[in-house]
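The values are calculated or read from the model by the stated rules, or taken from the named source; none is laboratory data. From a predicted model like this one, the values you see are computed outputs, not experimental measurements. No Cβ is skipped: glycine too gets one built from the backbone with ideal geometry, and neighbour counts run over all protein chains shown. Just the protein is used for accessible areas: all its heavy atoms, side chains included, with ligands, DNA and RNA removed. Shrake-Rupley method; radii C 1.70, N 1.55, O 1.52, S 1.80 Å.
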Amino acid sequence: MNKSMIDLTPLTRATRWHPAELAFWLLPVAGYFLLQDNLVLLTQIAITALFCLSLDLILGFAGIVSLGHTAFFGIGAYAAGLMAAHGHGDPLLGLLVAGICAGIAGFISSLLVLRGADLTRLMVTLGVAMMLYELANKLTPITGGVDGLQGMEIQPLFGSFAFDMFGKTAYWYAVGVLFVMFVIARRLVHSPFGLSLKGIRQNVGRMPAIGAPVNARLAAVYTLGALYAGIAGALLAQTTQFVALDVLSFNRSAELLLILVLGGSGCLYGALIGTIVFMTAHHFLSDMNPEYWQFWLGLLLVLIVLFARDGVMGGVRRLGALGKGGAKA
Amino acid sequence: MTQTRRLSGLFVALAAAGMAFSALAADPLKIGFVLPMSGPFAAYGKQIEHGARLYLKEHNDTIAGRKVEILVKDDTGVAPEISKRAAQELLVKDKVDILAGFGLTPSAFAVAPLATEAKKPMVVMNAATSAVTTKSNFIIRTSHTLPQVTAPIASWAAKNKIKKVFTLVADYGPGHDSEAQFKKTFTAAGGEIVGEVRTPVKNPDFAPFLQKIKDVKPDAVFLFVPPGEQTIAFMKGFAERDLAKAGIRIIATGDLTDEDLLDAVGDNALGITTSFHYADAHKSPENQAYTDAYAKAYPKDRPNFMSVGGYDGMQLIAKTLEKTKGDASGEKFIEAAKGMSWNSPRGPVSIDPVTRDIVQTIYIRKVTRVGSKLQNVEFDQVPAFKDPGKQ
Amino acid sequence: MTYALQTTSLVKKFGGFVATSKVSLNVEAGARHALIGPNGAGKTTLINLLTGFLEPTSGEVILNGDKVTHLAQHQRVKRGLARTFQINRLFADLTVLESVVMAVNERLGLGARFWQSVGSHTAAVDEAVELLERLRLLDVAHETTRNLAYGKQRLIEIALALAAKPSVLLLDEPAAGVPTIESRELFETIAGLPREVTILLIEHDMDLVFRFADRISVLVGGAVLTEGTPEVIAHDPKVKEVYLGEAICD
Amino acid sequence: MTVIFDGIASGMLLFLISVGLSVTLGLMNFVNLAHGAFAMFGGFVAVTLLNRAGIPFLAALPLAAIGTALLGVLFERTLYRRLYAATHLDQVLFSIGLVFMSIAGAHYLFGPQQQPLTLPGFLQGQINLPGLDMGVYRLFLIVLGLAIAFGLQKMVSGTRFGAQLRASVDNPRTARGMGINVDRIFTLTFALGTGLAGLGGALGVEMLGLDPGFPVKYIVYFLIVVAVGGSGNITGSLIAALILGVFDVAGKYYVPQAGAFVIYAVMVAMLIFRPQGLFGRKAAR
């Protein structure tokens, strides 16, 4: 075999979209027409999916476990919320500022987080998020504390689409942002940078020996993950037009980790599908049984781990692999 | 749970069939509840739902000739975006006529703009931050406000030889609000604040703060922490350190000696003096009837102020609809509700026409053992007390 | 005489234990230099000091005339010092081509490019393909690393190191765990590397060492016992003494 | 002085409720986030025995531990066993599922309210020495905590069972080859971990309260202690808990404004300087 015979398409397949991927992105369009009454739920699914994507970038692709990812979600939410409460209600500007604030916070905290092994990272991220939570609570005059940040006024999107109670604008806005951010993440994952992240995840010890600055790469992706989370937080703040302390809560971090593991980390569509499955299940169960829905959700999780690792999850993963196929260089 | 709900749905349907003769029974009246049914505040949702359903049951699920349908959505307590989602779905999908419930302030704040936009009445049955009713002209509150239940204990203390008070509040919005109100009223009445501390919201151990109190030796401690394990921990620690024997009293708002919690606090709660708008030991025929009916319907639980908030919420809706002849449209409903007054299990109450907030008697009570039960026994009162937070 | 890699009085202490004791190593440019020593002689520590995984307690590491003592591992790789590992350290779920492309990317400074896909950086891909051809790995280019036989995986170890276009290559027991026949092939490949690549070989197998090396250093107890041509070393009584058991066994 | 005493007591409570996790996570390398659920079970057993059956507190404690250990054995035999080889993330998913179920289950059985618990008279009150006031129950916790720490440490490092356990965790295959009944060792250890969780839960009711939210409410504290102490190290957990307790209480006493930050700040600082935990044998995974 000589070098002219080798097929290089696996390396470039990423630039093309698999039909299954296109079909997947028709779902939000279909959802809009079929589930008009549940647009708020769909909007929040899109936002959580973006948040989950951000965790996937750092956990799934770079292998950094975090139990404090809400830190950046919260920073983004408060940044966007405070902008809107002080007269800068343009949604896109809010997103931008929120993303930048969260990114900066991500960069700074990456210096702490990158030390130590998994459990240490888990706890350091957790500690950072808990301290931010306490800080937001302490700063009640600015953040509104437990009562929540009031007085947000979001201007219409592009100056013409107002955020109303039927949630159409909010829906397309959230889905649109998710899509754009997803496309960026997809390119990133299939780039040399993304490849080096996979390398770090699979064998962190080898990377310096091929000349890769591991900590710089991890800091970069952690910052990026923080930025994504910040944008997701801003989306939630803007579409809810309210920010409360729970954007920084431990439960949100833990739930997010759960969603990602459920969907399959290390695969972009895993983050999206996990979110859809989890939030839909949550919604239906809590509608059917407002008091004890947690039991059924818990049972579902246990059963999935015990019996359906290769069934349901495998299916999800296979579907994910289709999308990821492009990256399979 | 689901089963009883289905049964009551069936019952509603039967009742509706039986009432076909009524001209006004055109459409069923749908009331959508947004409540914390799971999570750390599940007790709130349970009590409010109990109260509301009790009222309906007493009136055969019929208000002003319209049969009533209740939809309950769980907002988990602490996630305002879920509250908002629930309310939005109730409005858009289920087309409810009235929004109700709201266990916590952030939920009410998050939903307020929706009530304004949809022009639907929103009956707040618990959330107690003073500003809640200012967030939409369609909000009416049937519970209480924090300043409203805080101020009377301050005046009472100043009048009853408590000169030096140490305030201990949890470091969060409601804590700050009650601290501010207490200080304002108490110092205006000539009292002195000899120490103040704000404790972390998640705080399993009060030892260091109790030690501080012991060092300062005030006449009384004014306490406000999130009702629940913190109250218990504080009171147990207080007893352990013999602070009561050192002549230090605890004064607080009544949510800390809430009937739901009293049994868990146990005898350590004895002697605590609080101000509040409802105790299940309140003596009146209305309350007797209420507590009897409650005990019959929910033998495992004790009625508390939240259940009364839910009960009175439904009572307000009923009386208002009778006035509007079944018309639940936002503006008409709110106009009719303003100034409404009735005899609640807690005593006479009315809706302030200006603020749409509740005006009620605030009682001063002391935790006492009555028979085998701990009770908040009322011994003083401030009648027709308005929310001082909005003055 | 130019030295590709030198150390001057290199010392590494772990607490009270001296793992490396005043090692002064001089590896000539273009040399095939072997480092031998019994187990526990401190070979691994020395490698770690050379590559920057550990920092020395005192002394210097000099690469192509520049002090690199305090540079991080990846910075030394950028300056031309690459290594292979005694036990494979590969990317189990990447294909062979992906692994090598990744390594080439790092040398070309493309590793932080995040917008264009891996495949669109054709210079890197072409180079990786050439490297695979040179190591006769082309036919498994699209195989996932974990599915390959151990011998093939050893070749990937070398390919990853070569992708850095090193001026100095540290081979840490490249034939460890490889069946004899394959190990011969492996050494043919190594012997076929261009002469401008300086090689420092750490090896147990004395046959291989004496066949391959033109200079040998013997490490014992963390210090250099002696250094010389293979003939000199082979007849050195001190070395014989140290190696008596092992040399016979091998 | 009293502040330091209270700090030690508070740390000891942290230790008592976390030590079970130190056993399951540290010794068995299973990320058992359902630790709090077992602790809650122990709490409910104790409270039920105390209030419904009238069994005295001191008798209810061991019963709570034993009851929880039995539940632990049941779960280990049927469920946990299948997941020893699974990834940590799977274990997280699974144990969080259990936590959800336990919360809803407790809510269903006991209602959402706090459970009452009254200590026997001899554990109430304080002993007053000059300059030092010691709560009797706190003293009880300290003594019990020290006893448990000492006993466990002895067991892990000084007995045949401990040696077998370490061998089984480090390399199950070799251990099996050496004739160690690995399955039995794991079941027993899991029972020990859950039993300790149950005991901690029962002891904690007095100071932490007990309601269905328990497993989630204190999960952060369990994890902090185990992470800072270095997983699998009993002495490490003890010392970490004591340091955290003393700093937390002293912080709240002297600088109440910063009260909530202290415990997290101490944790992050400790982890940054000793990323493996205070006495970590090796990386956590």
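The table below lists the values:
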item: Of all residues making up the stretch B:252-288, the number that are closer than 28 Å to residue D:123 by Cα, under 19 Å from the mean Cα position of the chain (by Cα), more than 11 Å from chain D (Cβ to nearest Cβ) and not in a helix (DSSP H, G or I); result: 2
item: Residue count for the stretch A:201-226, restricted to those that are open to solvent by 10 Å² or more (accessible area, probe 1.4 Å) and of a type in the set (A, V, I, L, M); result: 6
item: Any hit, the stretch D:139-149, residues being surrounded by fewer than 14 Cβ atoms within 10 Å (Cβ to Cβ) and of a type in the set (Phe, Trp, Tyr); result: no
item: From A:242, A:179, residue being aromatic (Phe, Trp, Tyr) and open to solvent by less than 20 Å² (accessible area, probe 1.4 Å); result: A:242
item: Criterion violated by residue D:227 - all others in (1) modelled with pLDDT of 80 or more; (2) out of contact with any Lys or Arg (no Cβ under 9 Å at 6 or more places or on another chain) satisfied; result: (1)
item: Residues of the stretch B:168-221 satisfying the condition of being small (Gly, Ala, Ser) and either open to solvent by less than 10 Å² (accessible area, probe 1.4 Å) or in contact with a strand residue (DSSP E or B) (Cβ under 7 Å, 6 or more places away or on another chain) (or both); result: B:170, B:173, B:175, B:178, B:191, B:195, B:207, B:220
item: Of residues in the stretch B:89-115 being surrounded by fewer than 24 Cβ atoms within 10 Å (Cβ to Cβ) and out of contact with any strand residue (DSSP E or B) (no Cβ under 9 Å at 6 or more places or on another chain), the one nearest to residue B:313 (Cα to Cα); result: B:113
item: Residue check, residue B:90 in a helix (DSSP H, G or I), on the phi < 0 side of the Ramachandran plot and more than 10 Å from chain A (Cβ to nearest Cβ); result: yes
item: Where residue D:194 falls short, out of the listed (1) within 14 Å of chain B (Cβ to nearest Cβ); (2) buried (at least 21 other Cβ atoms within 10 Å of the Cβ); (3) β-branched (Val, Ile, Thr); result: (1)
item: Listing of helices (runs of 4 or more DSSP H) fully contained in the stretch A:45-156 that carry 1 or more residues being open to solvent by less than 30 Å² (accessible area, probe 1.4 Å) and of a type in the set (Gly, Ala, Ser); result: A:70-85, A:91-113, A:118-138
item: Subset of the stretch A:183-200 (residues that are more than 7 Å from chain C (Cβ to nearest Cβ) and surrounded by fewer than 21 Cβ atoms within 10 Å (Cβ to Cβ)); result: A:183, A:184
item: Matching option when the condition is closer than 17 Å to residue D:27 by Cα, of a type in the set (Asp, Glu) and at pLDDT 80 or above, among D:211, D:183; result: D:183
item: Selection from the stretch D:1-17 of residues that are at pLDDT 80 or above and either more than 10 Å from the chain's Cα centre (by Cα) or more than 9 Å from every other protein chain (Cβ to nearest Cβ) (or both); result: D:4, D:5, D:6, D:7, D:8, D:9, D:10, D:11, D:12, D:15, D:16, D:17
item: Which listed residue, of B:224, B:276, B:238, is touching a strand residue (DSSP E or B) at 6+ places or on another chain (Cβ under 7 Å), among the aromatic types (Phe, Trp, Tyr) and free of Cβ contacts under 8 Å to residues at least 40 places away in the same chain; result: B:238
item: Residues of the stretch A:239-279 classified as assigned to a helix (DSSP H, G or I) and either in contact with a Leu (Cβ under 8 Å, 6 or more places away or on another chain) or of a type outside the set (S, T, N, Q) (or both), total; result: 28
item: Given (1) touching a Leu at 6+ places or on another chain (Cβ under 7 Å); (2) open to solvent by less than 10 Å² (accessible area, probe 1.4 Å); (3) more than 25 Å from residue B:362 (Cα to Cα), number of the condition residue B:229 does not satisfy; result: (2)
item: Hits in the stretch C:167-181 - residues which are open to solvent by 10 Å² or more (accessible area, probe 1.4 Å) and in a loop (DSSP other than H, G, I, E, B); result: C:167, C:173, C:175, C:176, C:177, C:178, C:179
item: Selection from the stretch A:266-283 of residues that are of a type in the set (Gly, Ala, Ser) and crowded, with 24+ Cβ neighbours inside 10 Å; result: A:270, A:271, A:274
item: Some residue of the stretch B:144-154 being under 21 Å from residue A:243 (Cβ atoms) and part of a helix (DSSP H, G or I); result: no
item: Evaluation of residue A:124 against (1) among the hydrophobic types (A, V, I, L, M, F, W, C); (2) within 14 Å of chain D (Cβ to nearest Cβ); (3) more than 24 Å from residue D:260 (Cβ to Cβ) (one fails), failing number; result: (3)
item: Residue match in the stretch C:204-216 (condition: touching a residue at least 40 places away in the same chain (Cβ under 8 Å) and of a type in the set (Gly, Ala, Ser)); result: yes
item: Residue match in the stretch D:102-119 (condition: more than 8 Å from every other protein chain (Cβ to nearest Cβ) and assigned to a loop (DSSP other than H, G, I, E, B)); result: yes
item: Residues of the stretch D:209-219 that turn out to be under 25 Å from residue D:243 (Cβ atoms) and open to solvent by 10 Å² or more (accessible area, probe 1.4 Å), as a count; result: 4
item: Among (1) crowded, with 16+ Cβ neighbours inside 10 Å; (2) closer than 17 Å to residue D:42 by Cα, the one test that residue D:53 misses; result: (1)
item: First in the stretch A:285-305 and within 16 Å of residue A:275 (Cα to Cα), second anywhere and of a type in the set (Ser, Thr, Tyr) and in a helix (DSSP H, G or I), Cβ under 9 Å, 6 or more apart; result: A:297/A:286; A:298/D:102
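Residue by residue, here is whether (1) within 10 Å of another protein chain (Cβ to nearest Cβ); (2) within 25 Å of residue C:190 (Cα to Cα) holds:
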site	(1), (2)
C:52	yes, yes
C:60	no, no
C:77	yes, yes
C:109	yes, no
C:117	yes, no
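Residue-by-condition table, conditions (1) modelled with pLDDT under 90; (2) among the hydrophobic types (A, V, I, L, M, F, W, C); (3) within 18 Å of the chain's Cα centre (by Cα):
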{"position": "B:7", "(1), (2), (3)": "yes, yes, no"}
{"position": "B:11", "(1), (2), (3)": "yes, yes, no"}
{"position": "B:21", "(1), (2), (3)": "yes, yes, no"}
{"position": "B:49", "(1), (2), (3)": "no, no, yes"}
{"position": "B:59", "(1), (2), (3)": "yes, no, no"}
{"position": "B:62", "(1), (2), (3)": "yes, no, no"}
{"position": "B:78", "(1), (2), (3)": "yes, yes, yes"}
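Yes/no matrix, rows are residues, columns are (1) surrounded by 16 or more Cβ atoms within 10 Å (Cβ to Cβ); (2) closer than 28 Å to residue C:44 by Cβ; (3) aliphatic (A, V, I, L, M):
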residue	(1), (2), (3)
C:136	no, no, no
C:145	yes, yes, no
C:148	yes, yes, yes
C:183	yes, yes, no
C:197	yes, yes, yes
C:206	yes, yes, yes
